[in-house]
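Read the structure below first, then the notes.
Readers should treat all values here as calculations from the given coordinates under stated rules, not as data from a laboratory. Everything numeric in this text was worked out from a predicted model, so none of it was measured. Neighbour counts run over all protein chains shown; Cβ positions are idealised from the backbone, glycine included.
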Amino acid sequence: MLRIKNVESGYGRLKVLKKVTMHIRAGEIVTIIGANGAGKTSLLKTVSGLIPARSGEILFDMKEIGKLPPEKIVFLGCSLVPEGRQLFAPMTVKENILLGAYPQYRKKRGDQVREDLERIYGLFPRLRERERQLAGTLSGG
Ligand SMILES: Nc1ncnc2c1ncn2[C@@H]1O[C@H](COP(=O)(O)OP(=O)(O)O)[C@@H](O)[C@H]1O
Ligand SMILES: [Mg+2]
């Protein structure tokens, strides 16, 4: 499903990823472990197109995504959930969740979105209780 081969990337003169290769099959859950500054976030940002891969290839479902902009990669179904609480504070909890489903709406998959929302509410019932609350008023926990 995701094939990363000899990928290199970094920031300016700093090369962070040096020939990173990994394969992730459909249904697999893969964890990347490493010290602070090892390059875990940089790897995820490179796969998502937020920082460009300088060399190597990244294939998602057999399609080369290494040179695509982030929004195209998201539309293919490869998304990054960023660390930190990057919520849209003036929007409600439900609106924040639905924004994550925007590509599905664009593909006219409203039924799928409703089904996904129910699944998420099943996993995290508090979200349903607070779906109308403004995200900026949630406590950090
Ligand atoms: N925006 C940035 N500009 C310059 N250097 C960065 C930037 N983000 C991360 N780095 C550097 O890239 C290296 C890897 O960082 P990062 O991918 O955040 O590591 P990790 O997520 O494993 O803690 C570190 O040396 C870090 O200082
Ligand atoms: Mg990190």
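Can you give the net charge of the other residues whose Cβ lies under 12 Å from the Cβ of residue 128, counting K and R as +1 and D and E as -1?
Counting the neighbours of residue 128, the net charge comes to +2.
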Worksheet entry | the chain: calculated mean residue ellipticity at 222 nm from DSSP helix runs of at least 4, using -39500 (n - 2.57) | -8500 deg cm²/dmol
Worksheet entry | Spin-label model distance (nm) - residue 3 vs residue 24, 7 Å beyond Cα toward Cβ | 1.7
Worksheet entry | For region 93-137, size of Cβ-based charge dipole, Lys and Arg +1, Asp and Glu -1, in debye | 120
Worksheet item: What are the ³J(HN,Hα) values, in whole Hz, obtained from phi via the Karplus relation 6.51 cos²θ - 1.76 cosθ + 1.60 with θ = phi - 60°, for each residue of region 53-69 in sequence order, with x given for Gly and Pro?
Response: 6, 7, 7, x, 9, 10, 10, 10, 6, 6, 9, 6, 10, x, 10, 7, x
Discussion item. Neighbour counts of other C-beta atoms within 10 Å: give me 81, 47, 113, 7 arranged from fewest to most.
Written reply: 81, 113, 7, 47
Worksheet item: What FRET efficiency, computed as 1/(1 + (r/R0)^6) with R0 = 30 Å and r the Cβ-Cβ distance, is obtained for residue 108 and residue 129, rounded to the nearest 0.05?
Response: 0.50
Worksheet item: Could you give the distance between the Cα centres of region 120-136 and region 12-61, to the whole Å?
Response: 32
Item to complete: Please give the net charge around residue 49, taking every other residue with its beta carbon less than 11 angstrom from that of residue 49, where Lys and Arg add +1 and Asp and Glu add -1.
Response: +2
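Compute the relative contact order of region 93-137 as a whole-number percentage, counting only Cα pairs closer than 8 Å that sit 6 or more residues apart in sequence.
It rounds to 58 percent for region 93-137.
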Worksheet entry | Contour minus Cα-Cα distance for residue 139 and residue 14 (0.36 nm per residue) | 41.3 nm
Worksheet, complete the sentence: Sorting 44, 75, 16 by the position of each Cα along the dipole of region 2-75 (Lys, Arg +1; Asp, Glu -1; all at Cβ), the one nearest the positive end of that ordering is 16
Discussion item. Can you tell me the orientation of helix 110-123 relative to the chain, as the angle in degrees between its alpha-carbon axis and the longest Cα principal axis, to the nearest 10?
Written reply: 80
